[in-house]
Structures are given as structure tokens and as C-alpha cells.
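Only one structure is covered here, and it is reproduced in the block below.
Read-outs: derived from the displayed coordinates by stated rules, not from any lab. Keep in mind the model is a prediction, meaning the values are calculated, not measured. Virtual Cβ from ideal backbone geometry, glycine too; neighbours counted across all protein chains shown.
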Amino acid sequence: MKVVGKNVIKIDAFKLARGEPVFTDDFTRQGMLYAKVLRSPHPHARILNVDAAAALKLDGVVDVIWHRDVKAIPHTRAGQSYPEPSPYDTLILSPKARFIGDRVAVVVAESVAQAIAALDHIVVDYEELPALTDMDQSLTNSEILIHEEPDPRGISEAGMTNIAARIDKQVGDVEAALKECDLVVTRDYHLPRVQASHIEPHISIAWVDEDDRLIVRTSTQVPFHLRRMLARILEIPEARIRVIKPRVGGGFGDKQELVVEDLVGVLALRTGRPVRLEFTREEEFVAARYRHPQRVTMTTGVMKDGTIVANRMYVLADTGAYGSHALTVQGNTGQKVLPMYPVANIHFKMDCVYTNNPISGAFRGYGAPQGCFALECHMDEVARELGMDRLELRKKNHIKLGDTDPLSAKLGEGKEGLVRVVKSTGLEKAIELGCEAIGWGNKREPSAAHLKRGLGMALAMQGSGIAGVDWGGATVKLNDDGSVNLSVGATDIGQGSDTVLAQMCAEELGIPYEKVIILSSDTDLTPFDVGAYASSTTYISGGAVVKAAAEVRGQLAGVLGSHWECEPEDIVFSDGMVTGPGDQSMTIAEVALFALYKAMIQPMATASHMSNDSPPPFAAQFAEVEVDTETGQVHLCRFVSAVDCGTVIHPKMVEGQIEGAVAQGMGYALFEEVLLDRTGRVLTPDFLDYKIASSLDVPEMVTILVPTDEPTGPYGAKAAGEVPIDGPAPAIVNAICDAVGVRMFRIPATAERVWRGLKEETR
Amino acid sequence: MNISLNLNGTATDWEVAPGQTLLQALRASGAFSVKLGCETGDCGSCTVLLDGQPVNSCVVPAARVNGSRVTTLEGLLGDDLMIRLQTELVEQGAVQCGYCIPGMLISLYALLKQGPPIDEETIRHALTGNLCRCTGYVKPVEAARAVAAVLEETS
């Protein structure tokens, strides 16, 4: 292949490296107004009245809205395909505040400073209600109801309990199987509340244009879902809405949700002026979304020879005040993780409860990092109890080529799913290469007497899009000079999808990569796409690009076949040249001129692509740590990721995805945790208190790509974005246990927690 | 109040409001390479050179730069060392979402301007104030090392 598999220059890299004004905020419109949100100081309270008279008298204040000013249309802000599998439990502005930081009122003013100043002059009459901030209490308490209104749709037990979503699915008979096992191991694993922490905050600018249409320029992962959601809740036709996604400064799932766009939409329509709303970093920590905190109980039944007979996973999760992604994130905790060991008996059960805590939602990995932590730590625990080598236990039981994944059939996107069969896997190879790179079984000496070294590993799998749900469109149009316009709904949020899709387009047409001009994610100008989530873009949207480009190639071959009097199939497109079976030959530019001015056709095609498969990418990840036995401090020395993502379209960008995921995953393992007080108030609302990995924290990384050829993927590709974030936390925690014999059932494994573990061990 | 400064080599007068930060003033003057990430001096997306030293412009009061030299990425687009850094970052695949890149470039530029010897450790130290959530810092550090190596050869 000429372009696919090559490290071409990322298509937007130079303009980003020049600091060009390409992000949402690098843009102003005449007469722009600035919005700020007044947030609830109470975890649970009715909003009886909002008196904005004093605020409205201040200089520059244009408007203040609260729940009386907007129609109550229950919806979900999840940003998923319609019909969404998330409960419709949210209003633009609600008469009840459900967490500290919930929206109460919104000010719009001539400047940010004036909007902020006005917040202090709004008088709110609250009726405080008792609150629930502990998920165990939420599970059993039905005296305090967080969502008691009769109108929301899709809450599991609306009006009766605080359960937002429930799943209870079984393959085989786990209870009976456990009775026959030689050994049954049960453990609880505790997962913290962590945040995506994209460096660009949520930001959105909306205005009404000269055709009376609402234009929303926004940092989003889902422009088309957003248009649909806005039309419904703003009660204007979709035809009157245009969503434009410029460059996005990171998303990681947190920008799948509608977080600010509804407010700028409402205010632009009310004031007739452009309105901008940008979150502060503190608002990101209070009012954006978190990875769901969970407690996962794993039970495994195993025979003496290491054959796993039954796995049971019970998940209790905290969705916070609203239930966006409550069902599907927790569903993924089982569905994306348990199939790693496709045993005959699997039971997956989860309860996801409302609390008066900040909102949980989508974050890279989407439930799988939690499940993978529990399962892969548990495998080490089972191996230890069994007296078996932990690598051998995994090798004996992990999923292999041709295996089916029975759980996927039971757990789809909020409904019954599709049977999944593994058609490509590089897992064995990844394990082999990863072991070699980390020096498995060959622990290095620690660098000082009070330090101990350990090695740990974890296996992970994910999906490539949501089977039978995700789809995208692409349009390819040939120009006079042989360049092509490629327009896609697929949403580049920094991961590089514009580049990967341009590569596939160039490959299919046999033209240089530089000839592709890409336009993505403008609801007026590009075809539909579900957006950037569920590791779908390369696999799903790539499929649409390949189809559209192939069709254009077919059109050209048809025209040239008549001209050259040969069979269209005998015409070859390669290196910017088009050649016939004889000595006929034209450059792609000559072909374009011929098509446009002689044959008088516009070579152009639009194609759509979906897949009933969601082939799993695989990862084998390995950590080497050094633990200070005096302080409990863990130093992550080296980290090896061996990843099978099918055919690699752009090696450096895939490596970049993996390396970034390792940095995020090490934070999950060692230091990231959003702390709340008992009322659900965020105690860590900045990067000083909520630490993410810096250039000095990250370990030496070894990244190994293990290509396979996925028969259902474009050029054999599978996904890469999410799978490498699953393994770091369990691999690191397993390495800590290997070093000092202390099992961290709760992460992050801070120095204090490890130190306490060491004290208990010696007691 | 009115202040005078040298912004990217040009004598400039600003009318600044009390409490206005250098970040806000720079963006208002069209220096869009300077990014807002936290406004608490923790993420480094707004890094600029103040009299040649990298600072987080979000925690510098605009009034404070009266009489100073302020350099943003816009002011270095024609600089050979900056072009080398940009090219290397792009070619090594260090640019993902790109939001933190202008700040990183300024920090690396300030380091490399000091001249060799520059090893991986000094590069990592120079970048600690620039948080990046996409790359894990592997490729940015590789890119900076490559530029440092060229400087070493040619010095």
C-alpha cells in the first residue's frame, strides 16, 4: 500500500503548531455576549424563586434566565444515537437542584467580568431537601428520591427508587457451576471518580444568522446528535440549526455530552445576539462529567488445572445527579471486559444509582477501565490462591481466534446485542512480545535497599464502534487538478481521524495523500456521522470513505473504459496515474479534466457504512514498578503496551494514542481522584489538587504494534483509541503486589494507601 | 490604565482594566496562539515569554508588563529555531489535539535558546509546566531531543 500504513504528516498539524485561530474560542462575532451559570450551593433543593431584578440593573447585563423562562422538555444530554438508551431525566433549567453545582440560572452580559459580577446579585429562594451522596445509601433508601417527577422516561424504577439503570444477564448457570469448582475466589474492587481533563474547556458560541438560523460553533464530539437534540429541546426545526465543529482541544468522551450548547442556543434565540459560554477549569471539575465511580465484586470459580469455569461480576455505580450513560457505561463494564475469558458460565449484574453528586458520563474506555481493573487484578488473585503462574492462567483461558463472545449477544447498546465472533486477534503475539520487552520472569534488582521491584500485566479488549448502531457517511468529489474534496461527518477531536480518513481516500483512488482536501463535521456541509465515540471512526467512518472513493474510481474507470475501448476493471489507479491495459496512461489531473470537460460528468459519490460486527482490538500491557517500603511511594519505571488494532493506518498516530492512554491510565492507577465532601462538594477543582501526569511523571514507554488483518475493517483496520487505557491500572497495581505483596483493592494507589497496606502486612 | 510594551517586536500601547490578565489582554489583541486552559497557572497552555522568560500569562496581571518585552508564538513564526521545533514536533507526531502545543513550543524554545548541552532530563523538566492530556509526552520529548541533537552538532 502506498499511503495506508505510512507516517504522513497529520493533516492539521502545521496549522496547530503555528497557533492558528482554529479552535472554537479563536473566533468572535460583532456584538457577542458572554454567559455565566449560577450554580446551586445545595446538594438537593427546590428552586422556589429567582429574583434577578438587582442583577438586571447592573451595567452590561442583558438577560437572566431560570427555569420559569424555558419550557420543561425532559431529555438526556448523553449525545447518543436516537432513540437514546439513557433516561430522559434532564431539563435545560430545572425547578430542582440535584447536586452542588447544578444549574440554577444563567446570566448573559456584554463582558465575562460583568456576567460574573451579576451572579452575586441574583437572589434565589431555595427549599433545601435531604441529600444522598453515598451510593450504598442510594441503593436502599427510597425515602429520599432524587428523580421523583412523573414525566421522565427511561429511568429503571422511576418514582420508586434511586436506581437509574439495572442489568442482570447470565450465560450458563454460574451458581450451579461454582458448586463444582475446586476453588472460588471473591473480591471487591473500588474505582475512583476521575475526569477526562481535556486541556480545552467546554466552549460554545451560538448566533442567529441573516437567514434566521441558529448557528452553533462548538467543541463537540457529536455535531449531528447535537443538532437533533437542540432541535427537540429548543423547539425549532433541525433545518434551522447548523452545528459547526472547528478544531477540538481534546474530548475523551467528555465532549460527547451536551454540556453548554443548549444554554447558548436558548440565549442567542432570546437576545438575537451571539452568545459565548466557556467553562472555567473549576466548572469542568464541578459540572462536566466523570468516569463512573464503581465498586466491582468479582467471583471466579476455577479448577485445579487453572480452567476457569465461571465468572460473576456485580457492579454498583454512581451516576450522580443525572443518568446520562448510566445504562451503557455500566453495561460496557461487563460486556467489553468479561469476554476476555469466554467461559461457559458468566453472570453480569449491575445497579447504577442516582446520588446528589456531580454527574458521571462518558470517558475514554466507557466502563471498560473499571471492569478491566477488577477482572485483571482478580486474575492475579485467583492465580495466587491457586498457586499457579499468573501468565499461564491467562494464556490458558483468554479468548482466541474463532471464539464467540456470548455476552455481547445479551448486552447490546441498551438492548439485546449481536453475537460476536473473533475474526482477527494478535493477542498471543502481543503477550509474547510484551513479555520479552518487559523482561517477564526476570525481575531487575532494585536501585536501593529500601526499594522493591515488581512486574505486573493485564490483558484488555474493547470494540470497534457499536455493532448495528454506529454509522457514518462520506462524500468524495474529484476536481479539475486531480485533487479531491472528502467530506465526512466523522469528528476529529485531535485523535487524527481527518488524517486517517484522507489516507484511506488517497489509497483507494491511487492518488497522493496531499491531493485530499478534507472537510469534517459541519451539519450543513458534510454527510451524517454518529460522531467520535466508541472507538468507531477508523473502522466505521473509514468504511464509508473507502466505499465512496471506490465508487468515484468506478465512475472514472467507466468513462475511460469507453474512451480507451477497454474493460473498466483493467484500468489501474496508482501513484497519481491511471493506466489502461495497453499503453494508455493519464495523470489523475488529465483524467479529471477529461471527465469534467469531455465526458461532462462530475465524478462524485456519497456512501454510508455501518457494521454488524464490532471487532475487538486487543492489548497486552506490562508495568515495572519500584515501591519505596518506607514511604509507600510507587515509581512506575517502565510500561510496555503491545496492541493489536488490525492494520495500522498511521503508525505514529496509533503510538500517540497508546502513549496518551498509558499516561491517563497511570493517573487512574496512582494519583487521579476527584475528592468530594459529604455533601458532594468537589474538593479538588483545579490541576493543583487534581493531578494529571506531567512530563516528569510518565514512565519510559515501549509501544509495540501487533498488526492483524480484520476481515470486516477498512484495509483490515480495527480501533485503537480506547483499548490501551484499560490495562495500565491493573498492570501497575499487579506490579505493586508483585513488589511488596500488598494488594491495592482501591485506587489510586497513593503513597499513603500503599504505606498503610505495608503496615497491615507486617502487623 | 494605559501601558506600553514591546509585543512581538512591535511597540504597543494597551488600555488594560484592573484585574485583567496578560492572557486576556493577549487574546483580545489577536494573539490566539495563547490558549486558556485553567487560569490558575497550572496547565501552561498560555505560556509566553516575558522578557525572554517563559511565564503562565493567565496569572500575570496585564498591568505588570508595562515596559516589558512580551513574545508569543505569533512573534516567533519566522524564527529558525522555532521553525525547526515546529517541524520536528509535526514530523514526530507530537501534535494531537494541538491545544497545548503553542505553550509547549514556547517552553522548549526558551530551553533550547540556552544552547547545548540539553539532555532528556532537562527537556522533561522544561515541559513539566505544560500539561498535555493526549500524547503522554513521548513524542514531544523525542522531537525536542532531535532538535537539541542538531543544535549540538552545529554548535
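Here are the numbers:
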read-out: Per-residue average of Cβ from other chains inside 10 Å of B:85-94; value: 5
read-out: Amide H partners (placed H, <5 Å) of A:Ala310, local residues excluded; value: A:Gly301
read-out: Cα-based Rg and Dmax for region B:2-75, where Dmax is the largest Cα-Cα distance (Å); value: 10.8, 30
read-out: FRET efficiency, A:Asp168 to A:Arg232 (Cβ-Cβ, R0 30 Å, nearest 0.05); value: 0.45
read-out: Lys/Arg +1, Asp/Glu -1 at C-beta; region A:471-610 dipole; positive extreme among A:Leu593, A:Gln503, A:Ser562; value: A:Gln503
read-out: For region A:471-610, radius of gyration divided by Kirkwood radius, i.e. Rg to Rh on alpha-carbons; value: 1.00
read-out: Linear extension gain, A:Met32 paired with A:Glu175, 0.36 nm per residue minus alpha-carbon span; value: 45.2 nm
read-out: Packing-based ranking, highest mean first, of A:325-337, A:20-32 given that Cβ atoms within 10 Å are counted; value: A:325-337, A:20-32
read-out: Two-decimal ratio, region A:239-278, of alpha-carbon radius of gyration to 2.2 N^0.38 Å; value: 1.30
read-out: Rg(Cα) / (2.2 N^0.38 Å) computed for region A:353-481, rounded to two decimals; value: 1.49
read-out: Degrees between helix B:101-113 axis and first principal axis of chain B (Cα, 0 to 90, nearest 10); value: 70 degrees
read-out: Largest-first principal axis extents, alpha carbons of region A:671-763, Å; value: 54, 36, 27
read-out: Modelled FRET efficiency - R0 60 Å, A:Glu436 with B:Asp79, Cβ distances, 0.05 increments; value: 0.85
read-out: Antiparallel DSSP beta bridges within chain A, as percent of all bridges there, nearest 5; value: 75 percent
read-out: Ratio of the Cα radius of gyration of region A:632-679 to 2.2 N^0.38 Å, where N counts its residues; value: 1.60
read-out: A:Leu675 paired with A:Asp212, simple spin-label distance in nm, labels 7 Å along Cα-to-beta-carbon; value: 5.5 nm
read-out: Cross-link pairs beyond the 26 Å C-alpha cut-off, checked among A:Lys396/A:Lys759; A:Lys652/B:Lys113; A:Lys400/A:Lys718; A:Lys15/A:Lys36; value: A:Lys396/A:Lys759; A:Lys652/B:Lys113; A:Lys15/A:Lys36
read-out: As computed over chain B, the Cα convex hull volume per residue (Å³); value: 100 Å³
read-out: Whole-Hz ³J(HN,Hα) from phi, Karplus 6.51 cos²θ - 1.76 cosθ + 1.60, for region A:648-655, glycine and proline x; value: 8, 7, 9, x, 5, 5, 5, 4
read-out: Over region B:78-154, equivalent-ellipsoid semi-axes from the Cα gyration tensor in Å; value: 18, 13, 11
read-out: Stretchable slack from A:Gln584 to A:Asp570, in nm (0.36 nm times residue separation minus alpha-carbon distance); value: 3.9 nm
read-out: For region A:4-147: rounded, prolate or oblate by the Cα gyration tensor [a/c cutoff 1.5]; value: oblate
read-out: Cα extents of region A:255-401 along the three principal axes, largest first (Å); value: 72, 32, 25
read-out: Point-to-point label distance, A:Asp69-A:Asn479, nm (Cα→Cβ direction, 7 Å offset); value: 4.5 nm
read-out: Rough spin-label spacing in nm, given labels placed 7 Å along Cα→Cβ, for A:Ala239 and A:Asp403; value: 5.3 nm
read-out: Of B:Gln24, B:Gln92, B:Gln114, the one that fluctuates the most in a GNM where chain B has Cα springs shorter than 10 Å; value: B:Gln114
read-out: 222 nm mean residue ellipticity, helices alone, for the protein assembly as shown (DSSP H n ≥ 4; -39,500 (n - 2.57); rounded to 500); value: -8500 deg cm²/dmol
read-out: 20 Å binning of all Cα-Cα separations within the protein assembly as shown, expressed as whole percents from 0 upward; value: 14, 46, 34, 6, 0
read-out: Euclidean distance between Cα centres, region B:86-103 to region A:586-623, Å; value: 27 Å
read-out: Per residue Cα convex hull volume in Å³ - calculated over region A:158-253; value: 219 Å³
read-out: Highest-first arrangement of B:59-70, A:373-384, A:612-623, where packing means the average Cβ count within 10 Å; value: A:612-623, A:373-384, B:59-70
read-out: Cα-derived Rg over Rh, computed across region A:615-659 with Rh taken as Kirkwood radius; value: 1.18
read-out: Shielding by other protein chains, A:5-18, mean Cβ within 10 Å; value: 6
read-out: Rounded D (µm²/s) - region A:643-716, Kirkwood Rh over Cα pairs, Stokes-Einstein at 25 °C, 0.890 mPa s; value: 164 µm²/s
read-out: Region A:359-414 - Rg (one decimal) and Dmax (whole number), Cα, Å; value: 14.6, 42
read-out: Helix B:138-154 axis, angle to chain B major axis (alpha carbon atoms, nearest 10°); value: 80 degrees
read-out: FRET efficiency, 1/(1 + (r/R0)^6) with R0 35 Å, evaluated for A:His450 and A:Val702 via beta carbons; value: 0.85
read-out: Relative contact order for region A:471-610, counting Cα pairs under 8 Å that sit 6 or more residues apart, in percent; value: 35 percent
